[in-house]
Amino acid sequence: MNRWKSLSTGWVHKTLPGMSDFGWQAGYGCFSVSQSNAARAIAYIENQAEHHRRQTFEEEFIAFLNRHRIEYDPEHVWD
């Protein structure tokens, strides 16, 4: 994942001149999507700005972790 973050940061810097200060946060979460849910995931990404007007990313992420019974430390989840 670290390699993908590095490659995508380089792409952003080369492709979008106004984003020279872009950088990823230190931590990350990585989840896969099955082929049968690919269209749904794409639609979610395309409508993410509108979606996050109703529910913040933070709220959604914690709900996702809880729904899938993924353990996390509430004190450090945003480090």
Problem set entry | Odd one out for residue 39 among (1) loosely packed, with under 11 Cβ neighbours inside 10 Å; (2) hydrophobic (A, V, I, L, M, F, W, C); (3) within 15 Å of the chain's Cα centre (by Cα) | (3)
Seminar exercise, completed: Filtering the range 59-77 down to residues that are surrounded by 10 or more Cβ atoms within 10 Å (Cβ to Cβ) and more than 16 Å from residue 31 (Cβ to Cβ) yields 59
Seminar exercise, completed: All conditions in (1) at pLDDT 90 or above; (2) surrounded by 10 or more Cβ atoms within 10 Å (Cβ to Cβ); (3) more than 15 Å from the chain's Cα centre (by Cα) are true of residue 19 except (1)
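The values are calculated or read from the model by the stated rules, or taken from the named source; none is laboratory data. Keep in mind that this is a model prediction, so the values were computed, not measured. Note that we place each Cβ from the backbone using ideal geometry, even for glycine, and neighbour counts take in every protein chain shown.
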